[in-house]
Amino acid sequence: MAKLMVVGDATVDQMFFVDALPEPGGEVTALRSVLEPGGAGGTLATALARLGHDVTIATRVGTGPFSALALRHVQASGVDLRLLQRDQRHETSSVTILVTPDTQRTMISALGASRYLDSAALEPQHVQSLDALVMSAYSLVAGPQREYAVQALAYATEGGVTTFVDMGSGAVNALQARLLPLLRGVDYVLMNERELFALTGESTISEAVTGLRAQGLQYLVVKVGEMGSIVVTPELTELVEAMEIDDVVDTTGAGDYYTAAFAHGILAGLDQLQAAWLGNVAGGLNTTRVGAQSYELDIATLERHAALATTRPA
């Protein structure tokens, strides 16, 4: 069991399943609607705790009923809340998600309390006593939360703590080229294909990866959806094929489950290809439930499905 800190948002996802998106000024009736715990920080922390790790989350929530919902799975999975901050002025962050029958998601984020995470409460020992720091790049976007995240990365680097940063479309779009300097020195950077192109301005994976290597990012993972994920190291660039999933119902949180399982594999001593395979499996399993954190991932389930699939890397 490793000791980890997760820095990122804990939110409420307001999910509406619709036949189609409304036209501007129009209206549609949802086929189904749910409120679920979400946010990259909350989902990463929950998944890592379910995989048996000692996890502390650094996040900030409001005081209303959304705060209890945002933290429901975080608390139930045993995540340490000693660094949780409660905001008396701002509501808990939330995301409105419109899901169409092809499982594509259209999202509207309300930033809320998360962006006010106060770095004055962060001390070096909070980070330097850990095995790993896992961070959502959304934490690097703006406000006090950005100061907290940058300081946490600095403490981790000083203390030799393994670092993982997972991108997000909103973070890449907001920061663009300003994001790259913040990622130098991070051990493992994970992103999807769209984020890779937005971050680099390139139109092919090979050109984009070459550009990031030139920027000093040597260990990358690019999630490519149904194809799986691409592992990039100084020695290789290799596709790790996805596990086939026949009953995809919701892709919310799949990328976060991938990152959690990848970090779990690295910390367990696996190489990056093997860790990416675990990530593919975890991300795939997550898509079989509605909600970012609804799939009850554990080590036995993860390893069983990884062993059963025929495309497991050697």
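Observations on the structure shown:
- Of the criteria (1) touching a Phe, Trp or Tyr at 6+ places or on another chain (Cβ under 7 Å); (2) over 22 Å from residue 48 (Cα atoms); (3) not in a helix (DSSP H, G or I), which one residue 221 fails: (2)
- Counted residues, the range 156-188 - those being surrounded by 14 or more Cβ atoms within 10 Å (Cβ to Cβ) and acidic (Asp, Glu): 2
- For the range 153-181, the tally of residues that are modelled with pLDDT of 95 or more, part of a helix (DSSP H, G or I) and within 17 Å of the chain's Cα centre (by Cα) stands at 1.
- Among the residues listed as 63, 43, 56, the single one being on the phi < 0 side of the Ramachandran plot and either in contact with a Gly (Cβ under 6 Å, 6 or more places away or on another chain) or among the hydrophobic types (A, V, I, L, M, F, W, C) (or both): 43
- One residue from 291, 255, 283 being touching a residue at least 60 places away in the same chain (Cβ under 8 Å), crowded, with 18+ Cβ neighbours inside 10 Å and on the phi > 0 side of the Ramachandran plot: 291
- Evaluation of residue 228 against the conditions (1) closer than 22 Å to residue 183 by Cβ; (2) in contact with a strand residue (DSSP E or B) (Cβ under 6 Å, 6 or more places away or on another chain); (3) touching a residue at least 40 places away in the same chain (Cβ under 8 Å) shows that the sole unmet condition is (1).
- Considering only residues in the range 221-247 that are within 20 Å of residue 103 (Cα to Cα) and of a type in the set (Asp, Glu), the one that is surrounded by the fewest Cβ atoms within 10 Å (Cβ to Cβ) turns out to be 246.
- The requirement of being free of Cβ contacts under 8 Å to residues at least 60 places away in the same chain and not in a helix (DSSP H, G or I) is satisfied by residue 239.
- Hey, residue 30 farther than 18 Å from residue 296 by Cβ, of a type outside the set (Lys, Arg), in contact (Cβ under 8 Å) with a residue 60 or more places away in the chain and surrounded by fewer than 17 Cβ atoms within 10 Å (Cβ to Cβ) or not: no
- Against the test of being closer than 23 Å to residue 63 by Cα and touching a helix residue (DSSP H, G or I) at 6+ places or on another chain (Cβ under 7 Å), the options 143, 112 yield a single qualifying residue, 143.
- Selected residue [within 30 Å of residue 37 (Cβ to Cβ) and of a type in the set (Asp, Glu)] from 235, 244: 244
- Annotation note: Cβ proximity below 6 Å between a residue of the range 168-182 that is more than 15 Å from residue 111 (Cα to Cα) and a residue that is crowded, with 20+ Cβ neighbours inside 10 Å and among the charged types (D, E, K, R) (sequence gap 6+ or interchain) occurs for 172/195.
- When residues of the range 242-269 are limited to those that are among the polar types (S, T, N, Q) and not in a helix (DSSP H, G or I), the one farthest from residue 42 (Cα to Cα): 251
- For beta carbons closer than 6 Å, sequence separation of 6+ or different chains, a first residue in the range 130-151 that is in contact (Cβ under 8 Å) with a residue 12 or more places away in the chain and over 10 Å from residue 167 (Cα atoms) and a second that is assigned to a strand (DSSP E or B) and of a type in the set (Ser, Thr, Tyr), the qualifying pairs are 132/162; 133/163.
The values are calculated or read from the model by the stated rules, or taken from the named source; none is laboratory data. Computed from a predicted structure; not experimentally measured. Glycine also receives a Cβ, built like all others from the backbone with ideal geometry; neighbour counts cover every protein chain displayed.
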